Amino acid sequence: MENYSAGLIERSNQLYDELVEKEIIPEIERESPEVLSTKELAKVVGKLEDTVDELTTTIESSKDVSERKQLRSARKMPKQLLKQFKDFVARKQKYEQAMATFGTRNSYSKTDRDATFMRMKDDYMKNGQLKAGYNVQIASEGQHALAYDVFPNPTDTRTFIPFLNTIENHFFTLPKYIVADAGYGSEENYEDVFENRTATPLITYNMYRKEKTKRAQKNKFNTANWKYDEETDSFTCPNNQQLTFRHLSHKTDRNGFSREFKVYECESCTGCPFRSECTKAKEGNHRKLLLNVKWEQQKEKIRTLLSDEKTGEIYGRRKIDVEPVFGFLKANLGFTRLSVRGQERVQNEMGFALMAVNLRKLTARNAT
Ligand code: SF4
């Protein structure tokens with residue numbers, strides 16, 4: 001889409017310059033020399049229409065055959081470019097509409113503008129599939145769906161906070177523990193639960209399992225294993241060099257969430273025998289270490305919670321709670337695809353489907 005727009009901008013600028021240079025139309029007032037806005041493109045269309053109309057009138061009033069021939073040939077270019085600029089206006093409007101539909105998404109489906117292209121589970125031939133769809137979030141307990149919502153963004157991480165808002169605003173007060181898998185474990189999400197909700201997150205993060213492996217714990221180039229000295233605020237590397245604190249750095253992601261890092265730098269990596277294994281820094285530069293204090297503290301809290309017998313056991317039940325709801329929906333009710341389009345309708349259909357899951361479950365329970 002961006003390339004498409006860049007092409008349109010370049011071509012329209014080029015043709016506009018040509019029209020002004022050849023004095024086919026007068027110069028128009030522009031807001032920016034780089035891009036012709038839709039309004040400015042429409043103005044060019046108006047000017048070209050004037051030029052073409054003027055030439056047509058002159059042709060019609062002329063009695064001289066060769067003059068008429070000459071004028072007709074002079075009208076050819078503005079006429080062609082009039083068509084071209086009308087097309088630019090239409091394309092630019094379409095592009096602007098599409099950008100408004102995208103919102104913060106990377107794609108949308110033409111057959112359902114609320115849906116986004118997402119990677120679905122591989123088919124039976126193990127082919128990855130990119131299909132228009134929605135991201136359905138469910139909150140469950142005892143294998144009953146208690147709350148749900150439908151999102152256009154494919155990643156679970158970014159559905160977490162809005163889904164908690166949905167639950168609080170439309171369903172019920174949040175329970176004491178919020179249990180979710182590593183797909184939801186992010187600094188932003190932990191911060192939201194720890195600071196804004198009256199609940200405790202039992203949510204792992206991506207490296208949770210890996211950092212517990214012997215290999216990770218024994219890797220001497222893993223900075224998590226480096227000795228830290230609080231007094232001097234420095235780390236000691238395998239070559240016994242100090243990495244001292246230099247400055248703070250902030251990184252803001254595309255959704256506007258900002259993270260703060262403490263940047264440490266090794267005093268000297270010059271001549272270090274471990275250099276090639278330890279850093280990719282250019283010769284003359286020294287190894288840097290970025291520490292996100294908040295993230296480290298959050299992970300520490302999560303590790304404590306998950307290693308605790310009671311909360312660890314609650315987390316362990318996650319798989320046998322929410323997964324069966326999806327399993328029941330697909331395998332028992334055969335609900336593998338939506339039959340409607342548009343977020344509102346999809347929301348309704350999902351509501352009916354989940355209600356059916358709950359009723360079947362309830363009926364089965366009452367029958368025993
Ligand atoms: S490369 Fe630098 S930081 Fe890494 S072990 Fe050597 S001296 Fe230490």
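What follows draws every value from the coordinates through simple rules; no lab data is involved. Quantities reported herein were computed from a predicted structural model and do not represent experimental measurements. In this analysis, Cβ positions are derived from the backbone assuming ideal geometry, glycine residues included, and neighbour counts consider all displayed protein chains.
Averaging sequence separations of C-alpha pairs under 8 Å and six or more residues apart, then dividing by the length of segment 2-102, give the relative contact order as a whole percent. Walk me through the intermediate numbers first.
Numbers: 64 pairs, mean separation 31.8, N = 101.
31 percent.
Dividing the mean sequence gap of close Cα pairs (under 8 Å, 6+ apart) by how many residues segment 125-242 holds gives a relative contact order of 14 percent. With a Förster radius of 51 Å applied to the beta-carbon distance between Arg275 and Thr155, the computed FRET efficiency rounds to 0.90.
Taking the convex hull of the alpha carbon atoms in the chain, what volume per residue do you get, in Å³? Working shown, then result.
Values: hull volume 101.2 nm³, N = 368.
Considering the Cα atoms of the chain, their hull volume per residue is 275 Å³.
The Ala42 and Asn348 beta-carbon pair, evaluated with R₀ = 51 Å, returns a calculated FRET efficiency of approximately 0.80. Overall dimensions of segment 219-291, expressed as equivalent-ellipsoid semi-axes from the Cα gyration tensor (√(5λ), whole Å, largest first), are 23, 15, 11. With the cut-off at 1.5 for a/c, could you classify segment 186-243 from its C-alpha gyration tensor as rounded, prolate or oblate? Judged from the Cα gyration tensor, segment 186-243 comes out oblate (a/c at least 1.5, b/c at or above a/b). Working from the Cα coordinates of segment 48-96, the gyration tensor eigenvalues give, after taking √(5λ), semi-axes of 30, 9, 5 Å in decreasing order. Within the straight-line cut-off of under 17 Å between alpha carbons, none of the lysines are reachable from Lys282, sequence neighbours fewer than 8 places apart in one chain being disregarded.
How high is the relative contact order of the chain? Use alpha-carbon pairs under 8 Å, at least six apart in sequence, and give a whole percent. Spell out each step's value before the answer.
Working: 423 pairs, mean separation 40.2, N = 368.
Relative contact order of the chain: 11 percent.
Built from the Cα atoms of segment 2-102, the convex hull projects on average onto 6.8 nm², one quarter of its surface area. Rounded if a/c is under 1.5, else prolate if a/b beats b/c, else oblate: with a ≥ b ≥ c from the C-alpha gyration tensor eigenvalues square-rooted, which is segment 303-368? Oblate, since a/c reaches 1.5 and b/c is not below a/b.
Between the Cα long axis of helix 187-196 and the first principal axis of the chain there is an angle of about 70°, rounded to the nearest 10. Relative to the longest principal axis of the Cα atoms of the chain, the long axis of helix 293-307 makes an angle of roughly 50 degrees.
Cross-link pairs exceeding 30 Å between alpha carbons, from the set Lys210/Lys251; Lys121/Lys319; Lys210/Lys280; Lys210/Lys330: Lys210/Lys330.
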